[in-house]
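The values are calculated or read from the model by the stated rules, or taken from the named source; none is laboratory data. None of these values were measured; they are calculated from a predicted model. Glycine gets a Cβ as well: all are built from the backbone with ideal geometry, and neighbour counts include every protein chain shown.
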Amino acid sequence: MTSPERDDDEIDLGALLAQFWAGKWHIGAFVLVAGIIGLANAMLTPPTYQADALLQLEAKKASLALPAGMSDLMNNDPVTDTEIEIIRSRLVVGRAVAELHLDWQVIPRTAPVIGSALARYALPIPEVDFLTPYIRRGDSIRLDYLEVPPEWAGQEIVLTSGADNAYRLDLPNGTNVEGRTGETLQDPILGYSVRIGELTAPPGRQFSLVQQSESAAIDDLRNALSVSELGRQSAVLELRLTSGDRLQAQRVLDAIAQAYLAQNIARSAAEAESSLTFVEQQLPDAERAVTEAESALNSYRQKQQSVDLSLETQGLLSQTTSLEAELRGMDAQEEELRQKYTKSHPLYQQLLANRARLEERLATLRSEVSALPETQREIVNLTRTLELAQAVYVQLLNRSQELRVLRASSIGNVRIIDSARTAQNAIAPRKALILALSLVLGGMAGVGYILIRNWLRQGVRDTNQLEELGLLVFATINFSPIGFEARNVRHYLPILAIREPTDLAVEGFRSLRTSLHFGMLDARTRSVAITSSAPEAGKSFTCLNLSVVAAQAGQRVCLVDADLRRGTLRRYFNVAKNTPGLAELLAGQVTLDEVLVEGPVPGLSFLPTGRLPPNPSELLMRASFSELIETLNTRFDLTLLDSPPVLAVTDPVVIGRAAGATIAVVRHDVTSISEVLAMQRALEIGGVRLAGVVLNGFDPRKARSYSYNYSYGYRYEYKKREE
């Protein structure tokens with residue numbers, strides 16, 4: 001049974017997990033580095049503290065003398081959004097800035113990178129000259145007074161501590177002056193004044209004194225302040241302030257809360273003050289109206305010789321006077337409502353409706369009074385005027401006393417529930433959170449590195465990819481670390497087939513030996529040129545071990561190092577450098593028997609490169625090379641030619657035309673399909689048919705995970721290397 005082909009768009013979770021497992025050391029390295037960076041960041045970042053306070057907004061009671069029904073209609077719910085903006089206003093924040101002198105700044109000089117840690121921890125740092133200006137744990141300063149001219153606002157005054165409570169100030173104008181703690185240092189001409197109350201620091205420590213503009217200090221404080229309502233329509237406001245100083249955060253937030261409370265009380269008292277002013281302005285007129293009414297009534301009575309009123313007339317007078325008194329009271333109420341609302345407001349509309357009703361009733365009474373006899377009518381009018389004036393005067397006097405009491409006892413509608421307090425622990429940096437995030441980001445970076453690296457390395461993964469190109473795969477050689485030892489080792493290198501004859505890679509070479517035996521039955525000579533697309537594919541490793549297993553099988557084998565540019569097979573046979581070999585043989589300087597070297601196993605002979613010539617391609621194109629192949633074919637059962645890479649130089653084409661067959665070594669997961677196609681095309685253009693390929697360095701784990709546990713870079717620059 002054959003399994004259905006997997007869709008190319010389908011994600012193989014098992015393969016992904018295998019990739020990550022194969023690259024676990026890379027992922028672990030990323031996690032470790034990220035954890036170290038995160039921990040260092042958390043330790044070196046200055047702490048940030050937060051103070052909080054709770055305020056309650058109570059329903060505001062109307063202080064105006066309104067009827068009970070009208071007072072119930074007033075909207076007494078606190079407008080929290082408005083109060084929040086008032087708290088953040090320059091009126092409130094500016095008062096806290098002025099009270100605590102927050103426009104004065106003392107900034108210690110901190111060392112780069114480790115400055116925060118140096119100021120917070122007792123690190124064993126030696127007192128060297130270049131570290132002397134930087135603040136250490138235990139160093140402190142208290143600024144009692146600072147005043148600078150306007151042009152120095154925002155500029156630094158550098159204070160350098162000295163011995164015996166002395167210090168030096170480097171002023172913004174380039175001059176410097178000396179001073180002592182507890183004494184005021186000033187210059188009336190320049191317009192500055194400084195007093196340092198306390199300085200605890202060894203000589204050489206530096207601090208920057210800065211006086212900000214009021215607006216800049218207010219903006220900084222507003223940025224650090226946050227105000228929000230706890231719950232929906234709870235009328236409870238939470239104030240929060242962040243600062244690098246735990247005690248300073250508490251003091252500043254408490255000052256803001258007290259400033260807001262003071263302005264709220266002042267605002268409530270201002271309303272009573274406004275009403276009192278209006279009432280007191282009306283009292284002289286009311287008193288004068290009473291006096292005039294009394295005089296008019298007394299004069300008329302004397303003129304008419306005391307006229308008495310009937311009971312009916314007295315009732316009309318009483319009702320009329322009462323209504324007019326109410327209307328006069330409504331005039332005062334309307335004046336106060338006009339200062340707070342427009343005429344379209346429901347309270348204002350209700351007042352106008354009540355007035356219209358009273359005026360209609362008053363008009364009816366006045367018509368009844370007009371029907372009385374003239375003398376009684378005049379007495380009624382004068383008496384009514386007097387009683388009305390007296391009632392208004394008494395009402396204004398009572399209202400004046402009420403407003404005076406209200407002004408004196410005004411407490412506002414704000415209550416501090418929780419005073420400002422700073423938590424013991426800093427809110428930032430959150431070391432555990434930073435470390436956790438760093439580890440997570442490090443893991444993600446490691447996973448991303450594995451995925452990107454695997455995506456960039458699109459090498460041949462299995463023999464199916466090669467067979468789809470129409471190439472015959474002679475054998476698959478398993479990965480063996482011994483076969484990929486560093487080429488720059490300057491001593492004898494071991495041969496895998498001799499050192500580890502039971503290795504799986506050696507079994508692959510035996511399989512290759514069998515495949516070549518049957519694959520070369522029709523070849524014109526028993527010589528095989530082995531090449532690759534690029535360096536580091538393992539062609540020399542393949543030639544060497546194939547020659548050994550072939551000799552162990554009883555064949556007479558000749559291994560020729562035909563890489564006249566950088567051949568290294570001599571190291572496996574312990575042949576000295578510049579020993580005569582193929583180059584001298586092709587040049588006619590030596591004979592074949594003089595340059596052949598006996599191998600480590602019976603039946604194996606080795607022909608080294610000799611001295612690397614300056615013109616290897618021209619040397620290989622000589623007729624002597626083809627003649628050499630024919631000679632070796634008569635003396636040996638198998639001749640293996642280790643050729644340079646095809647995509648690097650043209651030598652493999654020349655060698656392939658003379659050899660009986662040409663096979664290529666493809667490195668598993670390194671050699672790409674495009675390189676294989678380019679190599680095949682280059683050989684075909686030169687008239688060489690690629691008989692097949694060998695898949696070298698196959699790792700079953702990488703075949704499943706497409707990951708990499710080792711790295712072998714290669715370059716297409718294939719130059720002659722002097723050794």
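A quick yes/no check of all residues on (1) buried (at least 24 other Cβ atoms within 10 Å of the Cβ); (2) of a type outside the set (Asp, Glu); (3) under 21 Å from GLY610 (Cβ atoms); (4) touching a His at 6+ places or on another chain (Cβ under 8 Å):
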{"site": "ALA534", "(1), (2), (3), (4)": "no, yes, no, no"}
{"site": "ASN545", "(1), (2), (3), (4)": "yes, yes, no, no"}
{"site": "GLN552", "(1), (2), (3), (4)": "no, yes, no, no"}
{"site": "ARG565", "(1), (2), (3), (4)": "no, yes, yes, no"}
{"site": "VAL575", "(1), (2), (3), (4)": "no, yes, yes, no"}
Seminar exercise, completed: Given the conditions (1) over 30 Å from ASN298 (Cα atoms); (2) at pLDDT 80 or above, every one holds for LEU406 apart from (2)
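Determine if the range 198-213 includes at least one residue that is under 30 Å from GLN56 (Cβ atoms) and either more than 31 Å from the chain's Cα centre (by Cα) or polar (S, T, N, Q) (or both).
Let us first name the residues in the range 198-213 that are under 30 Å from GLN56 (Cβ atoms), namely none.
No: the range 198-213 contains no residue that is under 30 Å from GLN56 (Cβ atoms) and either more than 31 Å from the chain's Cα centre (by Cα) or polar (S, T, N, Q) (or both).
Let's see how each residue does on (1) touching a residue at least 40 places away in the same chain (Cβ under 8 Å); (2) out of contact with any helix residue (DSSP H, G or I) (no Cβ under 6 Å at 6 or more places or on another chain):
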site	(1), (2)
PRO580	no, no
GLY599	yes, yes
LEU620	yes, no
PHE636	yes, yes
Seminar exercise, completed: Checked the range 199-222 for anything buried (at least 18 other Cβ atoms within 10 Å of the Cβ) and closer than 24 Å to ALA163 by Cβ; matches are LEU199, ALA201, ARG205, GLN206, PHE207, LEU209
Seminar exercise, completed: With criteria (1) part of a loop (DSSP other than H, G, I, E, B); (2) closer than 16 Å to SER547 by Cβ; (3) not charged (D, E, K, R), PHE606 comes up short on (1)
Seminar exercise, completed: Scanning the range 200-216 residue by residue, those aliphatic (A, V, I, L, M) and modelled with pLDDT under 95 turn out to be ALA201, ALA216
Problem set entry | Residues satisfying the stated conditions in the range 435-477, i.e. among the β-branched types (Val, Ile, Thr) and outside any loop (DSSP other than H, G, I, E, B) | VAL440, VAL447, ILE450, ILE452, THR463, VAL473, THR476, ILE477
Exercise. Which members of the range 620-643 meet the condition of being assigned to a helix (DSSP H, G or I) and within 17 Å of ALA551 (Cα to Cα)?
Worked result: LEU632, ASN633, THR634, ARG635
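Give the residues of the range 444-459 that are charged (D, E, K, R) and in contact with a strand residue (DSSP E or B) (Cβ under 9 Å, 6 or more places away or on another chain), sorted by residue number.
Here is the first cut: in the range 444-459, the ones charged (D, E, K, R) are 453, 457.
Correct list: ARG457 only.
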Exercise. How many residues does the range 650-695 hold that are under 16 Å from LEU620 (Cα atoms), surrounded by fewer than 22 Cβ atoms within 10 Å (Cβ to Cβ) and charged (D, E, K, R)?
Worked result: 1
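For THR591, are the conditions met, namely being assigned by TED's automatic domain parsing to the domain that holds ILE530, under 18 Å from LEU632 (Cβ atoms), surrounded by fewer than 20 Cβ atoms within 10 Å (Cβ to Cβ) and over 60 Å from the mean Cα position of the chain (by Cα)? Before you say what the answer is, go through the steps one by one.
On the way: assigned by TED's automatic domain parsing to the domain that holds ILE530: yes; under 18 Å from LEU632 (Cβ atoms): yes; surrounded by fewer than 20 Cβ atoms within 10 Å (Cβ to Cβ): yes; over 60 Å from the mean Cα position of the chain (by Cα): yes.
Answer is yes for this residue.
Hey, among GLU238, GLU292, which residue is among the acidic types (Asp, Glu) and assigned to a helix (DSSP H, G or I)? Give the derivation first.
Details: GLU238 fails: assigned to a helix (DSSP H, G or I).
Just one listed residue meets the conditions, GLU292.
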For this session: Give the residue that is farthest from PRO600 (Cα to Cα), with candidates limited to residues of the range 508-527 that are outside any loop (DSSP other than H, G, I, E, B) and without any contact (Cβ under 8 Å) to a residue 12 or more places away in the chain.
Result: PHE518
Exercise. Can you pull out the residues in the range 316-347 that are hydroxyl-bearing (Ser, Thr, Tyr) and in contact with a Lys or Arg (Cβ under 6 Å, 6 or more places away or on another chain)?
Worked result: THR320, THR321
Problem set entry | Enumeration of residues in the range 270-285 that are hydrophobic (A, V, I, L, M, F, W, C) and surrounded by 18 or more Cβ atoms within 10 Å (Cβ to Cβ) | ALA272, LEU276, VAL279
Seminar exercise, completed: Going through the range 78-111 in order, the residues found to be in contact (Cβ under 8 Å) with a residue 60 or more places away in the chain, of a type in the set (A, V, I, L, M) and part of a loop (DSSP other than H, G, I, E, B) are LEU102
Seminar exercise, completed: For strands (runs of 3 or more DSSP E) lying entirely in the range 164-220, having 1 or more residues that are farther than 25 Å from TYR134 by Cα picks out 184-187, 192-200
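So which of GLY483, GLY443 ends up being among the small types (Gly, Ala, Ser) and at pLDDT 90 or above? Even if it seems obvious, please write down each step before you answer.
Numbers: GLY483 fails: at pLDDT 90 or above.
GLY443 is the lone residue from the list that is among the small types (Gly, Ala, Ser) and at pLDDT 90 or above.
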Problem set entry | Identity of the residue in the range 156-198, touching a residue at least 40 places away in the same chain (Cβ under 8 Å) and out of contact with any strand residue (DSSP E or B) (no Cβ under 7 Å at 6 or more places or on another chain), that ends up surrounded by the fewest Cβ atoms within 10 Å (Cβ to Cβ) | ALA163
